[in-house]
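The values are calculated or read from the model by the stated rules, or taken from the named source; none is laboratory data. All values reported here derive from a predicted model rather than from experimental measurement. Positions of Cβ are generated from backbone atoms using ideal geometry, with glycine treated the same way; all protein chains shown enter the neighbour counts. For accessibility, only protein heavy atoms count, side chains too; no ligands or nucleic acids. Shrake-Rupley method; radii C 1.70, N 1.55, O 1.52, S 1.80 Å.
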Amino acid sequence: MSFVNMSVGDAILQVRDLHKIFPVEGGRRLVAVDGVDLDVAAGETLALVGESGSGKSTVARCIVRLIEPSGGEVTIDGTAIVPLPTKRLAGIYRRIQMVFQDPNASLNPRMNVRQVLDEPLRLHLALSGAERAGRVRELVEMVGLTPAHLERYPHELSGGQRQRVGIARAIAVSPDIVILDEPTSSLDVSVRGQILGLLLDLQQRLGLAYLFISHDLQVVQHVADRVAVMYLGSIVETGPVADVFRDPRHPYTRALLSAAPVAQWGVKRTRVRLAGEIASAIDPPDACRLVGRCPMAQPSCSAGKPSLIDLGQAHAVACPVVVDRPT
Amino acid sequence: MSGVLLEVENYSGAFWSPTNELVPVLHQVSYRLKTGAMTAVVGETGSGKSLVALSIFGIQPAAFVCTSGRILYRDTDLLGIDEKEMRSLRGAEISMVFQDARAALNPVFTVGRQLADVYQLQHGGGRSAAMAKAIEALRQVSIPEPERRARQYPHEFSGGMAQRAMIAMAALTCRPSLLILDEPTTGLDVTIQSDIMELIVELSRQRGLTTCLITHDLGVVAEICDEVVVMNAGRVVETGTTEAIFTAPTETYTRRLLAASQLLEAAA
Ligand SMILES: Nc1ncnc2c1ncn2[C@@H]1O[C@H](COP(=O)(O)OP(=O)(O)OP(=O)(O)O)[C@@H](O)[C@H]1O
Ligand SMILES: Nc1ncnc2c1ncn2[C@@H]1O[C@H](COP(=O)(O)OP(=O)(O)OP(=O)(O)O)[C@@H](O)[C@H]1O
Ligand SMILES: [Mg+2]
Ligand SMILES: [Mg+2]
């Protein structure tokens with residue numbers, strides 16, 4: 001199944017059959033991530049999109065081992081980091097960095113911006129104090145802040161400014177791959193444009209790869225090479241961004257793409273709506289997760305969870321119904 | 001319907017810097033929220049959108065000093081009333097969804113308990129009735145299995161779910177006249193985002209709710225807002241109806257902002 005995910009070139013990040021189960025009350029199991037495969041090639045951007053609560057942040061947190069996966073394998077440039085004893089992880093963080101969804105909670109409130117940016121340099125790079133100070137100044141400017149912001153504490157920054165500090169911290173040690181969890185969600189369009197430009201520029205100059213989690217489909221279309229769409233713990237569609245956006249196949253992908261608002265006066269869009277309540281990730285049945293809400297559901301959809309089906313051109317969809325009945 | 005519920009008038013303010021100087025951040029900010037209308041506040045990050053909203057809610061940061069202006073809510077100057085009076089307005093009259101939803105929820109109580117507490121505070125009644133209302137509110141913001149989710153703690157929620165719980169609390173558990181939403185849907189996928197915005201639009205129609213929506217998403221603004229306030233660097237640069245702002249912006253900054261969002265669309 002994994003071959004359909006495979007991109008050209010060598011995968012810098014490879015995720016195989018990742019699972020994360022949270023025990024919840026009454027001995028039940030919340031299946032947050034249910035067998036996810038991902039490949040990100042060096043210098044490439046893979047976008048991970050999908051319903052809120054579908055497990056995107058959990059995938060990211062498992063990859064960097066902020067939480068322990070329940071199963072699966074993760075390798076960075078051929079080196080396994082899942083499974084790997086926690087104490088051997090330190091060297092890996094030089095190569096993989098993460099920007100968190102919630103910049104407020106991820107910045108230490110007792111450190112000012114200078115200290116936040118200096119810390120990874122001190123931990124991972126052998127630089128002199130003066131070199132580090134220079135690099136810190138370079139970093140704040142790269143993300144469009146000024147040296148005056150260096151003395152500020154997180155609570156003294158606006159939401160967007162905090163997010164930029166998070167990005168500066170992640171790129172500080174020149175990693176190979178950065179996981180960005182909603183990196184631009186609280187930025188205005190002009191700064192968002194700047195940050196995206198910056199990310200693309202860094203990618204070109206440093207050959208950085210990105211795993212880019214976002215709800216902003218415009219941004220995804222703008223920056224990503226490939227996209228993977230998640231729904232309740234699983235990837236339901238994956239492929240080159242242009243193909244998936246032009247010809248979305250999975251009913252969830254179609255609903256998602258049709259819901260995006262357009263920043264123009266008087267434009268009306270036609271939404272493809274999913275019926276009913278969002279299904280729960282707790283003790284899910286062995287069936288397509290969309291079954292209660294899907295306009296195309298067939299009796300066969302309740303018999304087993306569909307896996308990804310290759311459509312050619314690296315496009316794959318986990319829905320036999322749409323594959324059998326082409327549009 | 002054309003009355004004004006809230007008016008920010010020449011509001012200016014500054015922060016104490018670490019070197020004990022006053023650094024001005026808001027300059028003569030003026031805007032109006034019309035009764036029953038949905039007004040968007042847009043503008044670049046750091047332009048003061050949240051700060052004005054926090055001031056309306058009476059929780060501006062301690063280091064912030066107001067140097068001039070008034071914030072009139074139904075003819076009461078919110079800057080002139082004491083904490084006790086402000087507290088009686090919060091929730092009952094004015095309600096707010098914060099930019100950082102997860103941080104705004106209390107980590108040591110279950111989500112259901114927090115909603116039920118707020119409900120009881122506003123409406124009285126028994127414990128189990130309050131919990132039932134809390135669960136109903138969670139259901140309305142598309143949280144699956146709300147009975148069980150109500151018994152979970154904020155850290156067990158995804159980012160978007162925490163945001164929806166905050167919206168449930170501010171808009172449904174409370175029954176405010178004025179609802180301030182600071183980037184309420186940025187962490188949500190567009191299907192849920194659209195559902196939530198539809199819910200808010202419906203509430204405004206049904207209850208005549210007045211809403212102030214701070215957002216970076218000009219698509220949402222074009223689709224659902226009646227009025228727009230554009231801010232830049234601590235100043236209001238332009239206000240007008242959504243149609244006027246989108247079709248005939250007069251200020252360069254507004255044009256730049258619109259162009260930036262359409263560029264991104266065109267590039268996409
Ligand atoms: N620590 C935890 N304990 C219990 N359940 C959790 C925990 N963390 C996440 N979950 C659950 O796992 C599921 C996936 O959450 P996750 O945060 O990965 O979603 P997401 O796709 O990032 O959503 P969003 O777009 O809203 O950020 C959700 O049902 C969430 O409630
Ligand atoms: N406690 C503080 N001390 C000093 N400056 C502060 C403090 N809080 C906010 N500021 C500054 O006040 C200005 C306005 O901040 P505000 O949070 O209102 O911006 P915003 O328009 O909401 O931006 P965003 O879109 O990024 O959320 C910013 O430049 C910010 O750095
Ligand atoms: Mg998330
Ligand atoms: Mg703000």
Checklist entry - Among the residues of region B:76-108, which ones have their accessible area go down by 20 Å² or more when all the protein chains sit together, as opposed to their chain alone (1.4 Å probe)? => result B:Gln99, B:Asp100, B:Arg102
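Would you kindly work out the equivalent ellipsoid of region A:119-187 from its C-alpha gyration tensor and give its semi-axes, the square roots of five times the eigenvalues, largest first in whole Å?
Details: eigenvalues 83, 51, 17 Å².
Output for region A:119-187: semi-axes of 20, 16, 9 Å.
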Next on the checklist: Placing unit charges on C-beta atoms (Lys and Arg positive, Asp and Glu negative, everything else neutral), compute the dipole magnitude of region A:164-211 about its Cα centre in debye, rounded to 20.
Outcome noted: 140 debye
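How much length is gained on full extension from B:Thr241 to B:Cys66, taking 0.36 nm per residue of separation minus their Cα-Cα distance? Don't jump to the answer; show the numbers that get you there.
Values: separation 175, 0.36 × 175 = 63.00 nm, distance 2.86 nm.
Taking B:Thr241 through B:Cys66 to full extension adds about 60.1 nm, to one decimal.
Treating only the Cβ atoms of Lys and Arg (+1) and Asp and Glu (-1) as charged, compute the dipole magnitude of the protein assembly as shown about its Cα centre; round to the nearest 20 debye.
Details: 58 positive and 64 negative charges, 166 e Å.
Charge dipole, the protein assembly as shown, about its Cα centre: 800 debye, nearest 20.
Using the scaling law 2.2 N^0.38 Å as the reference, what is the normalised Cα Rg of chain B? Show your work: numbers first, answer last.
Values: Rg = 18.7 Å, N = 268, 2.2 N^0.38 = 18.4 Å.
Rg over 2.2 N^0.38 Å, computed on Cα atoms: 1.01.
Using 1/(1 + (r/R0)^6) with R0 = 45 angstrom and r between the beta carbons of B:Asp75 and B:Ala132, what's the FRET efficiency to the nearest 0.05? It would help to have the intermediate numbers written out before the result.
Values: r = 37 Å, r/R0 = 0.82.
Efficiency, from the Cβ-Cβ distance: 0.75.
Considering only DSSP beta bridges whose two residues both sit in the protein assembly as shown, what percent are antiparallel, to the nearest 5? Can you show the working numbers first?
On the way: 55 of 92 bridges.
For the protein assembly as shown, the DSSP antiparallel bridge percentage is about 60.
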Checklist entry - How far apart, in nm, are two points set 7 Å out from the Cα along the Cα-to-Cβ line at A:Asp10 and at B:Gln206? => result 5.9 nm
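For region B:4-267, what does the accessible surface come to per residue with a 1.4 Å probe? Please give it in Å². Please report the intermediate quantities before stating the final value.
Values: 10360 Å² over 264 residues.
Per-residue value: 39 Å².
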Checklist entry - What accessible surface, in Å², does a 1.4 Å probe find on A:Val272, ignoring ligands, DNA and RNA and rounding to the nearest 10? => result 60 Å²
Checklist outcome for this item: For region B:4-267, whose charge dipole is built from +1 on Lys and Arg Cβ atoms and -1 on Asp and Glu Cβ atoms, the candidate among B:Thr191, B:Ile135, B:Gly13 with its Cα farthest towards the positive end is B:Ile135
Item to check | Folded to 0 to 90 degrees: helix A:159-171 orientation relative to chain A principal axis, Cα | outcome: 80 degrees
Item to check | Listed residues B:Ala150, A:Cys294, B:Leu22: farthest to the positive end of the dipole of the protein assembly as shown (Cβ charges) | outcome: B:Ala150
Next on the checklist: For region B:99-206, take N as its residue count and report Rg(C-alpha) divided by 2.2 N^0.38 Å.
Outcome noted: 0.98
Checklist outcome for this item: In terms of the alpha carbon gyration tensor, root eigenvalues a ≥ b ≥ c, rounded if a/c is under 1.5 and otherwise prolate when a/b exceeds b/c or oblate, chain A is prolate
Checklist outcome for this item: Quick calc, region B:4-267, dipole around Cα centre from Cβ unit charges on Lys, Arg (+) and Asp, Glu (-), nearest 20 debye, gives 720 debye
Item to check | Net length gained if the chain between A:Arg246 and A:Ala303 were fully extended (0.36 nm per residue, minus Cα distance) | outcome: 17.5 nm
Next on the checklist: Angle check, please: helix B:190-207 long axis (alpha carbons) against the longest principal axis of chain B (alpha carbons), in degrees 0 to 90, nearest 10.
Outcome noted: 90 degrees
Checklist entry - Can you give the % of DSSP beta bridges in region B:4-267 that are antiparallel, to the nearest 5? => result 55 percent
Checklist entry - Any idea what angle helix A:129-142 forms with the longest principal axis of chain A, computed on alpha-carbon atoms, 0 to 90 degrees, nearest 10? => result 50 degrees
Checklist entry - How many nm is it between the label spots at B:Ser30 and A:Tyr153, if each spot is 7 Å from the Cα in line with the beta carbon? => result 3.7 nm
Checklist entry - Binned at 20 Å from 0, what are the whole-percent values of the Cα-Cα distance distribution for the protein assembly as shown, short to long? => result 20, 55, 25, 1
Next on the checklist: Please give me, ordered by residue number, the trypsin sites (Lys or Arg not before Pro) of region A:88-187 that lie in loop per DSSP and have at most 13 other Cβ atoms within 10 Å.
Outcome noted: A:Arg110
Item to check | Relative contact order, percent, chain A [alpha-carbon distance under 8 Å, six or more residues apart] | outcome: 21 percent
Checklist outcome for this item: Residues meeting the amide H criterion for A:Gln101 (H placed from the backbone, H to H distance under 5 Å, 5 or more places apart or on another chain) are A:Asp181
Item to check | Across A:Lys56/B:Lys133; B:Lys49/B:Lys133; A:Lys20/A:Lys305; A:Lys56/B:Lys34; A:Lys20/B:Lys133, pairs whose alpha-carbon gap is larger than 28 Å | outcome: A:Lys56/B:Lys133; B:Lys49/B:Lys133; A:Lys56/B:Lys34; A:Lys20/B:Lys133
Item to check | Other-chain or far-sequence residues with amide H under 5 Å of B:Ser68's (modelled H) | outcome: B:Ser12
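Given 0.36 nm per residue, what is the gain on full extension from A:Asp201 to A:Arg110 after removing their alpha carbon distance, in nm?
On the way: separation 91, 0.36 × 91 = 32.76 nm, distance 3.16 nm.
Full extension from A:Asp201 to A:Arg110 adds 29.6 nm.
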Checklist entry - Along the positive direction of the dipole of chain B (beta-carbon charges: Lys, Arg +1; Asp, Glu -1; about the Cα centre), which of B:Leu203, B:Leu178, B:Tyr119 reaches farthest? => result B:Tyr119
Checklist outcome for this item: Residue-ordered couplings for region A:10-15, obtained by feeding phi - 60° into the Karplus form 6.51 cos²θ - 1.76 cosθ + 1.60 and rounding to whole Hz (Gly and Pro as x), are 8, 6, 7, 10, 10, 10
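Averaged over its residues, how many other protein chain Cβ atoms are within 10 Å of peptide A:209-220's Cβ atoms? Mind showing how you got there, number by number?
Details: counts 0, 0, 0, 0, 0, 1, 11, 8, 3, 8, 2, 1.
Neighbouring Cβ atoms belonging to other protein chains average 3 per residue here.
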Next on the checklist: Residue by residue through A:157-166, how many Cβ atoms from other chains fall within 10 Å of the Cβ on average?
Outcome noted: 4
